[in-house]
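Encoded as structure tokens, the structure appears first; notes follow it.
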């Protein structure tokens, strides 16, 4: 297998899908050497079969707004690979959603889920509908209409969706309710559900908590204490909020948050009390992060991202490609020595190259943000057992899973000079598990 030849062919077949091509290229570059050590993979054309999704479902979503106007959006579900378990991955509602983005997310999800050690395949879905600015009734009607287009291709042993950007507990609840009515039975087909009807403790916190647990494992490799370290966090939604909560608990000092309008920089640090304000602002009132600056009198920069501020650790927790080459250089120059990704693919290839050239600790999202899908997998287990674990039990399992993911990254990613290439380690570890499962099951 030659990486350049593979990517050249893929670019001819899918020329208008840059996010998907970017995600595939990163993995193919990482696994090229180990793949070529297994001629049986090439004989079975395994790489091409793994790159291209098993199934892509596209459907129209028609719903009625509060003014009685009929609206139409697109709905998608990309079922990428189920070699190690049922398809599993979030649903994203955002105006930017496209097939390219969902294919990249489903591809990444396949390897992320493999890293968790839980039996889950990879998928992703969503719509170009944005809940922002919509009434409660409009969101409900859209979710119900979306589920009407989705329900036939999901199920507890087929495909188990969860939340993602624009899809929280509210949206999952509406989709689950409609699914339950259409199918006529109560099954654990969605995760991220409310605690009242099968949701798991620690699920809302899991991605943020897991990211910090992975960061702590990285810091241990260099005997660095997280206490007192100033942390640049992007985003202000679920992942960013619980990343900050765990950082504060560990003695670190988060100093930034952001949204699509701009970012805040609080040199005094985001405290528990200030974080409570953010959670109420974003979760209850769906406000904007500039209101934090107005409330606490700190710096707010409109139309920008927080990567030019001084800090020790960066935790990008917003969206894909939010750190480019210039941002990466600014982070390095300002003293950042660790980057742990809470979002999916938030760093561009140029940014990743800069991080690795400077030998900083860099954890890709498929490893560092696997906590969310890990606890989703644990929720599936609890649903199947008709049982609920305590918060302490779930948190202990989450810590173990993140530690195990880190160990596998070290196993496959340690280079001759001792530097741990977490990108390479995560990609090879995830790839080998999926590849061996596919080989065992024959040509399908």
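The values are calculated or read from the model by the stated rules, or taken from the named source; none is laboratory data. Please read all numbers here as calculations on a predicted model, not as lab measurements. Neighbour counts are summed over all protein chains in view; Cβ atoms, including those assigned to glycine, are modelled from backbone coordinates with ideal geometry.
Is the stretch 71-94 home to any residue that is in a helix (DSSP H, G or I) and either modelled with pLDDT of 95 or more or touching a strand residue (DSSP E or B) at 6+ places or on another chain (Cβ under 6 Å) (or both)?
Among the residues of the stretch 71-94, not one is in a helix (DSSP H, G or I) and either modelled with pLDDT of 95 or more or touching a strand residue (DSSP E or B) at 6+ places or on another chain (Cβ under 6 Å) (or both), which makes the answer no.
If the Cβ limit is 6 Å and pairs must be 6+ apart or interchain, which residue in the stretch 145-158 that is on the phi < 0 side of the Ramachandran plot and assigned to a helix (DSSP H, G or I) pairs with which residue that is surrounded by fewer than 19 Cβ atoms within 10 Å (Cβ to Cβ) and at pLDDT 95 or above?
Going by the 6 Å Cβ cut-off, the qualifying pairs are 149/59; 151/182; 153/57.
For residue 393, state whether it is in a helix (DSSP H, G or I), more than 20 Å from residue 223 (Cα to Cα) and at pLDDT 95 or above.
When the stated conditions are applied, residue 393 passes them.
Go through (1) in the same structural domain as residue 157 (by TED's automatic domain parsing); (2) touching a residue at least 12 places away in the same chain (Cβ under 8 Å); (3) farther than 13 Å from residue 162 by Cβ and name the single condition residue 176 misses.
Unmet for residue 176, out of (1) in the same structural domain as residue 157 (by TED's automatic domain parsing); (2) touching a residue at least 12 places away in the same chain (Cβ under 8 Å); (3) farther than 13 Å from residue 162 by Cβ: (3).
Quick test for you: out of 222, 230, pick the one residue that is farther than 18 Å from residue 299 by Cα, in the same structural domain as residue 317 (by TED's automatic domain parsing), touching a residue at least 24 places away in the same chain (Cβ under 8 Å) and more than 15 Å from the chain's Cα centre (by Cα).
Every option except 222 fails the conditions.
From the list 217, 196, which one is in contact (Cβ under 8 Å) with a residue 40 or more places away in the chain and outside any loop (DSSP other than H, G, I, E, B)?
Of the residues listed, the single one that is in contact (Cβ under 8 Å) with a residue 40 or more places away in the chain and outside any loop (DSSP other than H, G, I, E, B) is 217.
State which residue is nearest to residue 438 (Cα to Cα) when the search covers only the stretch 36-51 and only residues that are free of Cβ contacts under 8 Å to residues at least 60 places away in the same chain and either within 20 Å of the chain's Cα centre (by Cα) or buried (at least 19 other Cβ atoms within 10 Å of the Cβ) (or both).
47
Would you list the helices (runs of 4 or more DSSP H) that sit entirely within the stretch 257-375 and hold 1 or more residues that are at pLDDT 95 or above and loosely packed, with under 15 Cβ neighbours inside 10 Å?
Answer list for the stretch 257-375: 272-279, 290-296, 325-333, 349-357.
Does at least one position in the stretch 278-301 carry a residue that is within 28 Å of residue 349 (Cα to Cα) and in the same structural domain as residue 352 (by TED's automatic domain parsing)?
Checked the stretch 278-301: at least one residue is within 28 Å of residue 349 (Cα to Cα) and in the same structural domain as residue 352 (by TED's automatic domain parsing).
If residue 223 satisfies every condition in (1) within 26 Å of residue 396 (Cα to Cα); (2) touching a helix residue (DSSP H, G or I) at 6+ places or on another chain (Cβ under 7 Å); (3) surrounded by fewer than 19 Cβ atoms within 10 Å (Cβ to Cβ) but one, which is the exception?
Exception for residue 223: condition (2).
Within the stretch 123-143, how many residues are within 23 Å of residue 55 (Cβ to Cβ) and surrounded by fewer than 19 Cβ atoms within 10 Å (Cβ to Cβ)?
Count: 1.
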